[in-house]
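Here's the structure, in structure tokens; my notes come after.
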């Protein structure tokens, strides 16, 4: 009986393999109302699990901006305190969120560059 309870506490069955990571995002409604920041804990082609600043009701329509992927719409499939499970409307490629973000013409920021010290002239 405890085993059945443990399984039911995990939320709906997942169809896609999940990839653990830490990724920050902001959640909002389709109308643009902010729902707060979230820290994505795992990501798959069909959904995510995240820690949120506040609880979000099951069934709520949500949009999040995923680095490397763009805006993703979905529905809150489960919610427990500050944790949520979001099911995406359309499948994504979760590996895109792991790729470094870079743009043309952008180099390494000055504070990250290795500066070589020159010996003083004598």
Point to revise | Condition met for residue 59 (modelled with pLDDT under 95 and on the phi > 0 side of the Ramachandran plot) | key: no
Check your understanding: Taking residue 77, is it closer than 16 Å to residue 33 by Cβ, at pLDDT 95 or above, out of contact with any helix residue (DSSP H, G or I) (no Cβ under 7 Å at 6 or more places or on another chain) and part of a strand (DSSP E or B)?
Key -> no
Check your understanding: Which condition number in (1) in a loop (DSSP other than H, G, I, E, B); (2) under 17 Å from residue 26 (Cβ atoms); (3) at pLDDT 90 or above is the one that residue 72 fails?
Key -> (1)
Practice item. Being touching a strand residue (DSSP E or B) at 6+ places or on another chain (Cβ under 9 Å) and either at pLDDT 95 or above or surrounded by fewer than 18 Cβ atoms within 10 Å (Cβ to Cβ) (or both) is the filter here, so list the residues in region 93-110 that pass it. Key: 95, 96, 98
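The values are calculated or read from the model by the stated rules, or taken from the named source; none is laboratory data. Since we're looking at a predicted model, the values are computed, not measured. Please note: Cβ atoms are built from the backbone with ideal geometry, for glycine as well, and neighbour counts cover all protein chains shown.
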